[in-house]
Amino acid sequence: MKPLVTLIQLAIVAAILYPVYYVWDTGRIETFCENIKPGMTLTELNALADENHISLNSPQGRTDSSAQWMTSVESKASIDRYACVIIGAVDRVASAHIVDEE
């Protein structure tokens with residue numbers, strides 16, 4: 001009986017803490033996405049990601065003048081898909097927007 005009570009207590013604690021974690025995680029991604037400006041270089045984008053402690057998979061070493069790329073930063077706390085999608089060409093950011101699929 002004691003393991004069941006412990007399990008229920010852990011579930012209650014998780015139910016209380018999850019909304020706080022969700023708001024924090026989605027908030028930091030939203031703030032990061034709002035700070036991305038069209039025309040930023042990849043170096044500036046990577047510096048912004050480092051400053052916000054966000055792991056970003058940005059393209060490296062693109063020299064083709066027509067190279068287009070897309071990357072995203074997804075919330076780890078979100079059950080639905082909450083992400084900042086970043087689109088660019090060569091070494092510049094073209095746009096960044098939040099995708100929230102419910």
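The values are calculated or read from the model by the stated rules, or taken from the named source; none is laboratory data. In this text the structure is predicted, and so the values were computed from the model without any measurement. Cβ placement follows ideal geometry from the backbone for every residue including glycine, while neighbour counts extend to all protein chains displayed. Just so you know, the surface numbers come from the protein's heavy atoms only, side chains and all, with ligands and any DNA or RNA stripped out. Shrake-Rupley method; radii C 1.70, N 1.55, O 1.52, S 1.80 Å.
Below are the figures for this structure:
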quantity	calculated
Sparse-neighbour loop sites [trypsin sites (Lys or Arg not before Pro); the range 1-101; at most 14 other C-beta within 10 Å; DSSP]	Lys76
Calculated Cα Rg over 2.2 N^0.38 Å (choose from (1) 1.14; (2) 1.03; (3) 1.43), label	(3)
Accessible carbon and sulfur surface of the chain relative to its total accessible area, %, 1.4 Å	59 percent
Contact order normalised by residue count of the chain, Cα under 8 Å, 6+ apart, percent	28 percent
Cα long-axis angle, helix 2-34 against the chain (0 to 90 degrees, to the nearest 10)	20 degrees
Solvent-accessible surface ranking, highest first, for Ile87, Ile29, Ile12, Ile79 at 1.4 angstrom	Ile79, Ile12, Ile87, Ile29
Residue among Ala49, Ala83, Ala15 with the largest mean-square fluctuation in a Gaussian network model of the chain, springs linking Cα atoms under 10 Å	Ala15
Computed label-point distance, nm, for sites Glu74 and Asn46 using a 7 Å Cα→Cβ extension	2.4 nm
With all protein chains modelled, accessible area of Ser72 [1.4 Å, Å²]	40 Å²
